[in-house]
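Bear in mind that the values in this text are calculations on the coordinates, not laboratory data. Just so you know, these numbers come straight off a predicted model, no measurement behind them. Cβ sites come from the backbone with ideal geometry, for glycine too, and all protein chains shown count toward neighbours.
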Amino acid sequence: MFYTIDILGTIAFAISGVLVAMNKKMDLFGILIIAFVTAVGGGTLRDVLIGQTPVSWMKDMTFTYVILGSTVFAVIARNKINYLRTSLFLFDTIGIGLYTVVGVEKGLSADLHPIICIALGTISACFGGVIRDILGNEIPVIFRKEIYATACILGGLSYFLIRKLPIESDFVFMISGAVVILVRLLAVKFKIALPNIYRA
Amino acid sequence: MFYTIDILGTIAFAISGVLVAMNKKMDLFGILIIAFVTAVGGGTLRDVLIGQTPVSWMKDMTFTYVILGSTVFAVIARNKINYLRTSLFLFDTIGIGLYTVVGVEKGLSADLHPIICIALGTISACFGGVIRDILGNEIPVIFRKEIYATACILGGLSYFLIRKLPIESDFVFMISGAVVILVRLLAVKFKIALPNIYRA
Amino acid sequence: MFYTIDILGTIAFAISGVLVAMNKKMDLFGILIIAFVTAVGGGTLRDVLIGQTPVSWMKDMTFTYVILGSTVFAVIARNKINYLRTSLFLFDTIGIGLYTVVGVEKGLSADLHPIICIALGTISACFGGVIRDILGNEIPVIFRKEIYATACILGGLSYFLIRKLPIESDFVFMISGAVVILVRLLAVKFKIALPNIYRA
C-alpha cells in the first residue's frame with residue numbers, strides 16, 4: 001500500500017514539474033528533466049547527504065517508468081490538466097506526507113539525531129520542488145509562501161512523539177504521515193501562513 | 001587516443017564557461033570557477049550520484065591543469081576567440097560524444113539498468129553546462145533549444161543496440177560516441193529541433 | 001579554541017544568510033533554510049565531493065543549535081542588526097580563515113594533491129555563500145566582486161609553503177588561517193580588487 005502511495009506522490013510531483021517547465025516554454029527534453037528532478041530531487045539530495053549511493057531511483061526502475069509515463073501524459077493532456085488540479089493537489093499532499101516519513105526513517109537507520117532525521121524528511125519532501133524552481137530560474141516557492149515545509153516539520157516532530165507511545169511502528173508511520181497531510185490541508189483551507197515578519 | 005579526445009572536450013567546455021562568465025562580467029575568480037564547473041560539473045554529478053568519491057577530477061590532475069591553461073588562454077585571447085568558434089563547436093561536440101559513452105560505461109560498471117546508464121551518460125555530457133547556466137542565473141540553455149541532450153540519449157541507446165552485435169567493445173565505444181557527434185552535427189546543419197509543443 | 005572560532009564563523013555565516021533571505025522577503029522557513037545552507041553549504045559540498053558522509057553537520061548537533069539560535073536572534077533583532085555589521089564582518093572573515101584551513105586538512109587526510117586541497121579549502125569557505133545566492137536567484141556575489149575567494153586561495157597556498165618549515169602543525173594551521181584573514185582585511189581596507197579585464 002505504501003508503494004501505491006509513493007507512486008501517486010511521484011506522479012503528482014512529476015506533473016507539477018511538467019507544468020512549471022511548460023510555463024517556462026522549455027522543450028521536451030527540458031520538460032522531462034524538470035519532471036524528473038521534481039519527483040526524485042528531494043530523495044536524491046537526502047541519499048547523497050547520508051551517503052546512500054547509488055541513489056534510490058537508480059536502483060528501482062519503477063520511478064523512472066512512472067515519471068516517463070506521467071510526463072508523456074501531462075504533455076499530451078496539457079490543455080486539460082486544469083481539470084485535474086484538485087486531484088494533483090491531493091496526490092502532492094499525500095506524497096509529501098509519505099516522503100517526509102520515509103526520509104525520517106532513513107535518517108534513523110543511519111543513526112542520526114531526531115532533529116537531523118526531521119530535516120532529512122523535510123528535504124525528501126520539499127527539495128525536489130526547490131531544485132525545480134532553481135532550474136526554472138525562480139526563488140523557490142516554498143521559501144516564500146504557504147505552509148508546506150512546516151507541515152513536514154510538524155509531521156516529523158509527531159513521528160518522534162508518537163514513537164514513544166506503545167504503538168506499532170506501521171502506525172507511527174501512518175499517523176505522522178497523516179499529520180503532514182492534515183496540517184497542509186487545514187493550512188490551505190483556512191489560508192494559514194507563517195507569521196509575516198515584514199510589516200512595520 | 002581517448003585521453004586526447006577527453007582533453008579536447010575539456011578545453012572546449014572550459015572555454016565555453018569562460019565565454020559565459022565574461023558575458024556576465026564576472027571577475028577572474030568567477031571566470032575560473034565557471035570554466036571549472038562547465039568542464040567537470042557533469043562528471044562530478046555523475047560520480048556523486050553513484051558514490052564514486054573522491055570525484056574523478058580530484059584524482060587526476062590533468063583536468064585541473066588543462067582547465068587552468070584553457071582559462072588563462074581564453075582570457076588573454078578574449079578578443080580573438082571568435083575566430084575559434086568553429087573549432088570550439090567541434091571540440092564541444094566531440095567532447096559530449098566521449099563524455100556520454102564514458103558515463104554509460106561508468107553506469108554499467110556500477111551494475112545499473114541500461115536506462116539509468118543512458119541517463120548517467122547524458123548527465124556527464126550535459127550537466128556541466130546546466131550548472132554553468134544556473135551559476136550565471138539563466139534557465140539552462142539545453143532545456144530550451146537545440147538537439148544536444150537528445151544526441152546524447154540517442155548515442156546512449158545506440159551503445160546498447162550495438163553491444164548486442166558481435167563487435168569488440170572498443171568499437172562499441174567509438175561507434176556510439178560517433179552517433180552522438182553525427183546527430184548533433186546533422187541537427188545543427190539542418191536546423192533540426194525537438195517538436196515545438198507550444199503552437200496552438 | 002578552534003571550536004569557538006568555528007562557532008563564531010557559523011554565527012556570522014548564518015546571520016548573513018538571514019539578511020539575504022529577509023531582503024528577498026522570504027518567509028520564516030525560507031529564512032531558516034538560507035541561514036542553514038549559508039553556514040554549512042560549503043562544508044557539505046566538500047564532504048560530498050570527497051565522500052565523507054553523512055556530512056559533518058549531521059554528526060555534530062552544535063552547528064544545528066548555533067544556526068537555529070542565530071536565526072532566531074537575527075530575525076528578532078532585524079531592525080538593529082546594522083549596529084553589528086562590523087562584528088559580523090569580522091566573524092565572517094575569521095570564519096573563512098578557519099574554514100579554509102579545515103578544508104585543506106580534510107583534503108590532505110583524503111590523500112589529495114595540494115592544489116585539490118586548496119580548492120577544497122576554498123569550497124568550504126566560499127560555497128555556502130554561492131548556494132545562498134543561487135537560492136536567492138542572484139549571480140553569486142563572490143564571482144563578481146571583492147577579494148574573498150582569493151584570500152582563501154592565498155591562505156591555502158601559504159599552508160603548503162609554511163608546512164615545509166620546521167614548525168608545529170598547530171602553528172601551520174594558525175598562520176595560514178591568519179593569512180586568509182589578513183589578505184581579506186587589507187583588501188577591504190585598501191579597496192583592492194582583482195584586475196578588471198573588461199576595460200577597453
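Of note:
- ³J(HN,Hα), Karplus 6.51/-1.76/1.60, whole Hz, each residue of the range A:7-15, x for Gly, Pro: 5, 4, x, 4, 4, 4, 5, 4, 5
- Whether the range A:31-85 is rounded, prolate or oblate, judged on the alpha carbon gyration tensor where a/c under 1.5 counts as rounded: prolate
- Here the sum of -39500 (n - 2.57) over DSSP H runs of 4 or more residues, divided by the residues of chain B, equals -24500 deg cm²/dmol at 222 nm, to the nearest 500.
- Per-residue HN-Hα couplings for the range B:19-28 [Karplus 6.51, -1.76, 1.60; θ = phi - 60°; Hz; x = Gly/Pro]: 5, 4, 5, 6, 4, 8, 6, 6, 7, 4
- Once the chain from B:L90 to B:R144 is taken as fully extended at 0.36 nm per residue, the excess over their C-alpha distance is 17.3 nm.
- Scattering from chain C was approximated by placing one identical point on each alpha carbon and applying the Debye formula without solvent; log10 I(q)/I(0) at 0.08, 0.09, 0.19 1/Å stands at -0.26, -0.33, -1.39.
- Here B:P166 yields copy-to-copy label distances, from shortest upward, of 7.2, 7.2 nm, the label point defined as 7 Å from Cα along Cα to C-beta.
- What separates the B:H113 label point from its copies, with the point 7 Å along Cα to Cβ, is 3.8, 3.8 nm, written shortest first.
- Between copies, the label points of C:Y83, set 7 Å from Cα on the Cα→Cβ line, lie 6.3, 6.3 nm apart, reported in increasing order to one decimal in nanometres.
- For peptide B:116-127, the mean count of partner chain Cβ atoms within 10 Å of a residue's Cβ comes to 2.
- Fluctuation leader among B:S70, B:S124, B:S56 - chain B, Gaussian network, Cα springs under 10 angstrom: B:S56
- Using the Cβ-Cβ distance between C:I162 and B:I76 with R0 set to 41 Å, the FRET efficiency from 1/(1 + (r/R0)^6) comes to roughly 0.85.
- Average beta-carbon neighbours from other chains, 10 Å sphere, peptide C:38-48: 1
- Along the range B:113-120 the Karplus relation, 6.51 cos²θ - 1.76 cosθ + 1.60 evaluated at θ = phi - 60°, assigns HN-Hα couplings of 4, x, 4, 5, 4, 5, 4, 5 Hz to successive residues, with x for each Gly and Pro.
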